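S.K.: Structure below; questions to follow.
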Amino acid sequence: MNDLKIIKNDEEVKALFKVMSMQIEALGFTEHSNRHSTIVSNWTGDILSALGANEREVELGMIAGYLHDLGNAVNRHSHAQTGALLAYKILTKLKIDYTESAEIMMAIGNHDESEGSPVSRICSALIIADKSDVHKSRVRNAIL
């Protein structure tokens, strides 16, 4: 899990997370904070482990889970595709293998049900983990 730790401590990732949270809050969407990203990361790893994935595939899934909403730093529309490209750039800059970076990119780019499909085991686990986070902190608007 060394790569995930490096990614979480990367200054570029931290800056994008800060902007992402500001934009999501300004738009009034559900919470997409570090809490959500960490939960999705952990649950993606748990799902892959339960499916018998090896340690590296579990870590790749956890990385995808952590970075999956990064595109919200650019715009909510097509955030999965934008985030996938941002993630690929960051991962290759951090010397993550190109094929592994591409697998993470593909999972992130397909995690949103309105524009993507469950095209891999990592992507499928990511989709399930993302949609399973229904914590009360994710509700922005009071129900009248």
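S.K.: Which condition does Thr99 not pass, out of (1) in contact with a helix residue (DSSP H, G or I) (Cβ under 7 Å, 6 or more places away or on another chain); (2) over 14 Å from Val40 (Cβ atoms), if it passes all the others?
M.R.: (1)
S.K.: If you go through the range 99-115 one residue at a time, do you hit one that is touching a Gly at 6+ places or on another chain (Cβ under 7 Å), open to solvent by 60 Å² or more (accessible area, probe 1.4 Å) and either modelled with pLDDT of 95 or more or within 21 Å of Glu11 (Cα to Cα) (or both)?
M.R.: Within the range 99-115 (the criterion being touching a Gly at 6+ places or on another chain (Cβ under 7 Å), open to solvent by 60 Å² or more (accessible area, probe 1.4 Å) and either modelled with pLDDT of 95 or more or within 21 Å of Glu11 (Cα to Cα) (or both)), the answer is no, since none of the residues qualifies.
S.K.: Would you call Thr82 within 15 Å of the chain's Cα centre (by Cα), open to solvent by less than 60 Å² (accessible area, probe 1.4 Å) and among the β-branched types (Val, Ile, Thr)?
M.R.: yes
S.K.: Right, something else. Just name the residue that is modelled with the lowest pLDDT out of those in the range 117-141 that are more than 18 Å from Ser37 (Cβ to Cβ) and either open to solvent by less than 50 Å² (accessible area, probe 1.4 Å) or small (Gly, Ala, Ser) (or both).
M.R.: Ser117
S.K.: Same structure, new question: For Phe17, which of the numbered conditions (1) under 17 Å from Ala87 (Cα atoms); (2) open to solvent by less than 40 Å² (accessible area, probe 1.4 Å); (3) in contact (Cβ under 8 Å) with a residue 60 or more places away in the chain; (4) among the hydrophobic types (A, V, I, L, M, F, W, C) fails to hold?
M.R.: (3)
The values are calculated or read from the model by the stated rules, or taken from the named source; none is laboratory data. Keep in mind that this is a model prediction, so the values were computed, not measured. Here the Cβ is made from the backbone with ideal geometry for all residues, glycine too, and neighbour counts use every protein chain on show. Keep in mind that these areas ignore ligands, DNA and RNA; they rest on the heavy atoms of the full protein, side chains included. Shrake-Rupley method; radii C 1.70, N 1.55, O 1.52, S 1.80 Å.
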